[in-house]
Amino acid sequence: MQDKLKSIGKPSPKHDDLVKVSGRLNYAEDYSMPGMLYAKVLRSKYPAAKILSINTARAEALPGVKAVLTAKDVPYNNTITKFGQSKDVGGGFEALYRVLAEDKVRFTGEAVALVAAETLAQAEEAVKLIEVDYEPLPGVYNVEDAVQPDSYKVGEEDTNIIAHFKSHKGDVEKGFSEADVIVENTYRVPFVDHTYLEPESGTAWIDDQGVLTIRVSTQVIEHFRGVAKVLGLPENRVRVIGTMLGGGFGGKEDITVESFIALLAWKTGRPVKLTYTREESFLAHSKRHRYVMHYKIGAKKDGIITAIKAEILSDSGAYPYLSPWVLMYSTVCAAGPYSIDNVDVDCKSALTNNPFGSANRGFGSPQVNFACESIISELAEKIGITPLEIREKNCIRQGNVLAGGMKMDRYVALPDVGVQAWEAINEQPKLKPADESKKVGRGMAIGMMTYGRMTFLHDTSRSHIRVELDGSVTVRCGVPDLGGGQAASLCQIVAEELGVPLSKVRIYISDTALTPLAGTTTATRQLYMSGNATLKAARVLRERLLTRAAAELNVTAAELDIADEKIFVTAVPDRSLPLKQVILFCSGEGVELFHEAQFNAPFTDVPDLSNVQGQVHPDFTFGAHAAEVAVDTETGEVEVLNIVSCFDVGRVLNPLRCEGQMEGGSIYCMGYALTEEIILEDGITLNSSFTDYVIPTALDAPHVQSITLESKAGLGPYGAKGIGEPACNSIAPAIIDAIYDAVGVRIKDLPATPEKILAALKA
Amino acid sequence: METHQIELTVNGRRRSVNVKPNELLINVLRNDLHLTGTKYGCGIGECGACTVLLEGKPVLACLILAASANGATITTIEGIGAEKLDPVQEAFIDHGAIQCGFCTPGMVVTAKALLDENPQPTEAEIKDYIRGNVCRCTGYTGIIKAVQSCGCGGEHKKVTAKKQP
Ligand code: FES
Ligand code: FES
């Protein structure tokens with residue numbers, strides 16, 4: 001089948017690359033409208049304080065100011081978060097969404113008031129004139145304190161704990177008693193930021209039909225429903241048009257500017273634009289959660305793991321947002337991609353007065369994968385086997401059952417991915433640094449991460465295709481494009497199925513009024529979900545075209561194929577009709593030349609939260625990273641010399657994009673391993689700029705070698721799996737393992753800064 | 001605030017604009033001249049998204065007062081490959097060096113400056129030259145390959161799928 005495919009599997013550039021490389025693509029901030037006002041947000045200086053009063057009189061009196069809004073001006077200030085899911089899931093998975101702070105503020109940077117003015121300078125000036133009288137409250141900043149019964153309460157409830165999930169199997173105490181070697185450790189990971197290069201931005205206006213229209217950089221256009229709720233409008237009077245994103249990584253999954261500009265446009269009747277500064281972006285949006293993870297693991301002398309116990313505490317920050325969802329991923333992945341008889345996983349998430357945690361590439365997997373993979377490598381060493389051997393002995397395989405009770409019916413590329421990554425990094429001779437103080441080491445880690453949303457959300461996607469009379473094709477699909485080629489992949493599928501060149505396929509995306517809703521660009525779900533919806537629609541049209549051509553060629557439709565804009569008899573390719581001619585026949589005879597299809601993921605019920613068992617996700621992507629580092633024993637500095645990323649991606653639709661995800665994902669979480677951390681002092685962020693929040697530059701990033709395996713066992717089109725988030729899952733533990741190999745210290749507290757490494761070397 | 005008229009030659013066109021003394025070049029380019037290809041990523045010289053060429057040299061438009069550029073010749077991304085794509089732009093496309101594309105204009109301008117100065121840069125020279133241009137999506141591998149491929153008189157090899165192990 002592979003050879004026959006014309007478009008799938010070929011390294012074709014994205015259709016949007018041309019406009020991007022010429023600087024012609026309009027991102028959200030690049031749009032302006034006549035009569036547009038500029039918005040600015042007043043944000044809390046305190047992490048925890050009572051709002052005694054807000055006086056907006058001086059701000060309102062400033063020339064040019066058209067509106068100043070506080071919580072009392074928001075029709076429905078307190079609603080329930082939804083994230084575009086098809087089904088209400090309630091029960092802790094949906095929680096308070098508050099547009100503007102009321103009564104008390106919960107984190108530094110929380111929005112307190114909004115201003116719209118004729119110029120940005122006026123809006124900035126007006127924000128300074130709003131007088132808020134605060135009474136500072138003690139707050140709670142350490143999640144281990146927040147779970148105590150007598151702790152300060154962040155919200156209005158009498159506990160800070162917002163989610164508590166457990167999963168168990170067998171008898172861990174018995175498992176530990178059978179073990180010859182036991183390792184027990186506490187791991188910590190910090191809050192980190194997405195630092196997409198494009199700060200949040202959007203413009204809202206009321207169109208000539210009275211529809212509140214919002215053009216915004218978002219991963220979730222379905223937030224139009226949330227905005228409608230905030231304003232008390234029918235859902236069909238709010239329209240969201242998503243722009244191409246300048247990166248998202250989960251940080252644009254929650255509502256960002258939408259409600260603010262919607263309220264201001266509604267109040268003033270004028271278009272309103274709001275773009276965050278970089279500093280504001282750091283303060284305003286979610287973070288990847290800080291976790292504290294106690295792990296205990298035991299194994300027999302032969303390396304077979306007998307029991308694993310994980311106690312996980314997630315700092316969800318000031319509001320729940322997606323924290324319970326993220327925690328569910330952690331619950332499922334905490335015991336890693338291993339087949340272990342005795343498992344006990346206990347995960348809690350609690351509110352603090354820190355920035356709020358929510359989605360960030362990996363969604364609760366990188367945290368637990370760092371801890372789990374680190375302890376597995378340490379266990380291997382204690383037993384006297386290699387990191388690869390322990391994984392070969394214990395990793396799950398097809399037919400095995402995961403800790404959480406899900407049976408792996410489909411092909412599992414373990415330990416293959418680990419073997420290939422490890423072999424590839426060891427193919428090169430170890431570098432000998434000229435500098436005596438530098439030691440080189442190599443390490444590896446494996447991982448599993450889901451693609452597709454949790455199955456109890458009953459996820460769906462829709463896509464619409466229309467064949468034009470000249471043989472070109474128009475696709476409409478409400479998919480937000482983050483730059484991963486989400487839209488381009490759909491074009492490739494259509495080109496393949498309808499036998500037209502990629503250049504003849506045009507796609508319209510991300511508009512709640514004009515494109516079928518395709519769900520969120522999150523959870524590594526678009527190729528799987530919208531890819532399948534598009535494939536389904538394309539195949540219906542293909543069948544119609546073949547059926548019509550069959551009548552003309554006196555064969556059955558099954559005997560025909562389409563390629564290169566021709567429909568031909570597969571056995572006698574010379575017997576063919578131009579595609580365009582068949583289209584004209586259909587058009588003339590009233591055969592429908594358009595189709596909209598919906599794809600449904602597997603549906604399950606909400607699991608028993610006191611013992612999560614069975615299917616929670618559609619499927620997993622399995623992968624591995626190997627890394628080579630040089631550690632300077634005098635300065636503690638780590639240089640990553642080489643990275644190999646190996647994944648079973650099911651099927652490569654486009655090598656350029658697939659490898660792009662693997663390269664980018666590796667470097668994204670290389671930062672997690674070594675430098676990235678939101679530094680907080682009692683709820684105040686101390687590093688809200690690129691100067692102090694250090695992400696990898698070209699100088700830091702090594703060459704990433706990508707090895708893609710194609711099992712064709714995925715649930716996506718042509719057997720593809722998802723790669724966006726999995727791509728970053730196992731690099732941090734691989735780097736930490738390599739540091740240990742180089743200098744003999746195991747860092748259990750990310751990031752592995754030079755100070756921590758030096759301190760560990762001296763200990 | 002009082003404004004002054006300044007003259008700029010932007011992408012070969014003479015432009016005159018009234019600017020406040022504290023107005024930054026990035027705002028003049030984006031808001032007054034509607035050249036929105038130059039991006040704001042940080043505003044404090046830490047990301048490179050706003051890189052433009054001033055008298056042929058790469059500078060950060062978020063750090064330069066427009067008034068100080070009076071009389072200068074400026075090239076923005078819109079001035080590169082306007083007729084026909086520059087080889088470095090084609091190389092970016094062919095090597096998968098573009099994901100979200102938000103860093104791309106600044107990255108292309110910087111790469112162009114590098115290749116003008118040093119037509120055959122080594123990998124180390126490329127990394128050093130673009131170190132001020134942050135890309136959060138690609139991990140830089142594709143970008144470096146793209147620039148490297150231009151290192152032989154504008155010709156660049158097209159990428160093919162990597163071999164399967
Ligand atoms: S916007 Fe100028 S360097 Fe970031
Ligand atoms: S492509 Fe997104 S920041 Fe570089």
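Any read-out appearing in this document is the output of simple, stated calculations on the displayed coordinates, not a laboratory observation. What you see is a predicted model; the values in this text were computed from it and never measured. Don't worry about glycine lacking a Cβ; one is built from the backbone with ideal geometry, like all the others, and counts go over all protein chains shown.
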Using amide H atoms built 1.01 Å from N in the peptide plane, name the residues 5+ places from residue A:621, or on other chains, whose amide H lies under 5 Å from its own.
-> A:449, A:450, A:451
Regarding chain B, what whole-number volume in Å³ per residue does the convex hull of its Cα atoms give?
-> 113 Å³
Please turn the phi angles of region A:492-498 into ³J(HN,Hα) values with the Karplus equation 6.51 cos²θ - 1.76 cosθ + 1.60 (θ = phi - 60°), one per residue in order, whole Hz, x for glycine and proline.
-> 4, 5, 5, 4, 5, 6, 9
Arranged by the count of other C-beta atoms within 10 angstrom, fewest first, what order do A:527, A:5 take?
-> A:5, A:527
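Order these by the 10 Å Cβ neighbour count, fewest first: A:682, A:700. Before the final figure, lay out the partial values.
Numbers: A:682 15, A:700 19.
Starting with the residue having the fewest Cβ neighbours, the order is A:682, A:700.
Of the listed peptides A:719-732, A:686-699, what is their order by residue-averaged count of other C-beta atoms within 10 Å, with the highest listed first? Intermediate results must be reported in sequence, preceding the final value.
Values: A:719-732: 29.8, A:686-699: 18.1.
The packing order, highest mean first, is A:719-732, A:686-699.
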How do A:322-332, A:79-89 rank on mean C-beta neighbours within 10 Å, highest first?
-> A:322-332, A:79-89
Amide H neighbours of residue A:213 at under 5 Å, excluding residues fewer than 5 places away on the same chain, with H built from the backbone geometry, are A:205, A:206, A:207, A:239
To the nearest whole number, what is the average tally of beta carbon atoms from other chains within 10 Å of the beta carbons of peptide A:271-284?
-> 1
The farthest towards the positive end of the charge dipole of region A:124-236, of the residues A:132, A:191, A:164, given +1 on Cβ of Lys and Arg and -1 on Cβ of Asp and Glu, is A:164
What whole number of Å gives the distance from the Cα centroid of region A:1-44 to the Cα centroid of region B:40-101?
-> 18 Å
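How much length is gained if the chain between residue A:5 and residue A:691 is pulled fully straight, taking 0.36 nm per residue apart and subtracting their Cα-Cα distance, in nm to one decimal? Could the numbers behind the result be given before it?
On the way: separation 686, 0.36 × 686 = 246.96 nm, distance 4.75 nm.
Using 0.36 nm per residue and subtracting the Cα-Cα distance, I get 242.2 nm.
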Any GluC sites (Glu not before Pro) in region A:154-255 that lie in a DSSP loop and have at most 14 other Cβ atoms within 10 Å would be A:156, A:157
Interchain or sequence-distant (5+) residues whose placed amide H lies within less than 5 Å of the amide H of residue A:104 are A:51
Under a no-solvent Debye model with one identical scatterer per Cα of region A:475-547, what's log10 I(q)/I(0) at q = 0.14, 0.20, 0.28 Å⁻¹?
-> -0.40, -0.80, -1.34
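Just counting partner chain Cβ atoms within 10 Å, what average do the residues of peptide B:83-95 show around their Cβ? Write down the numbers at each step before the final one.
Values: counts 0, 0, 3, 2, 0, 1, 6, 4, 1, 4, 8, 5, 4.
Per residue, the number of nearby Cβ atoms from other chains is 3 on average.
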What is the P(r) of the protein assembly as shown, as percent of Cα-Cα pairs per 20 Å bin from 0?
-> 14, 46, 34, 6, 0
For residue A:50, the lysines lying under 16 Å Cα to Cα, once residues fewer than eight places off in the same chain are dropped, come out as A:72, A:104, A:153
Distance from the Cα centre of region A:464-495 to that of region A:518-544, in angstrom?
-> 10 Å
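Based on Cβ point charges of +1 for Lys and Arg and -1 for Asp and Glu, what charge dipole magnitude is obtained for chain A about its Cα centre, in debye rounded to the nearest 20?
On the way: 77 positive and 98 negative charges, 302 e Å.
It works out to roughly 1440 debye.
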Scaled radius of gyration (Cα, divided by 2.2 N^0.38 Å) that region B:4-79 gives = 0.95
What is the order of A:644, A:343, fewest Cβ neighbours within 10 Å to most?
-> A:343, A:644
Reachable lysines, given that their alpha-carbon falls under 24 Å from the alpha-carbon of residue A:252 and they are not under 8 places away in the same chain = A:14, A:20, A:40, A:45, A:82, A:87, A:229, A:273, A:287, A:721, B:39
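Excluding residue A:645 itself, calculate the net charge of residues whose Cβ lies under 9 Å from the Cβ of residue A:645, where each Lys or Arg counts +1 and each Asp or Glu counts -1.
Result for the neighbourhood of residue A:645: -2.
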When Cβ neighbours within 10 Å are restricted to other protein chains, what is their mean count per residue of peptide A:664-671?
-> 3
Mind listing which chymotrypsin sites (Phe, Trp or Tyr not before Pro) in region A:545-607 are in a DSSP loop and have 16 or fewer other Cβ atoms within 10 Å?
-> A:603
Would you mind counting up the charge near residue A:85? Only other residues with Cβ under 13 Å from its Cβ, with Lys and Arg at +1 and Asp and Glu at -1.
-> 0
For residue A:543 and residue A:178 in the same chain, what is the full-extension length gain: residue separation times 0.36 nm, less their Cα-Cα distance, in nm?
-> 125.4 nm
Please report the relative contact order for chain A, taking Cα pairs under 8 Å with a sequence separation of at least 6, and give it as a percent rounded to a whole number.
-> 16 percent
Between the alpha-carbon centers of region A:437-451 and region A:678-710, tell me the distance in whole angstrom.
-> 17 Å
Read phi for every residue in region A:7-18 and hand back ³J(HN,Hα) as whole Hz from Karplus 6.51 cos²θ - 1.76 cosθ + 1.60, θ = phi - 60°, with x for Gly and Pro.
-> 10, 5, x, 9, x, 8, x, 6, 5, 8, 4, 4
Residue by residue through region A:447-460, which ³J(HN,Hα) values in whole Hz follow from phi under the Karplus form 6.51 cos²θ - 1.76 cosθ + 1.60 (θ = phi - 60°), with glycine and proline marked x?
-> x, 10, 8, 7, 10, x, 7, 4, 5, 7, 7, 6, 6, 9
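Net charge around residue B:122, counting only other residues with Cβ within less than 15 Å of its Cβ (Lys, Arg = +1; Asp, Glu = -1)?
Value of the local net charge: -1.
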Cα-based Rg of region A:64-199 normalised by 2.2 N^0.38 Å, two decimals | 1.56
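If R0 is 25 Å, what FRET efficiency do you get for residue A:53 and residue A:128 from their C-beta distance, rounded to 0.05? The partial results should precede the final answer.
Details: r = 17 Å, r/R0 = 0.69.
Step by step, r from the Cβ atoms, then E = 0.90.
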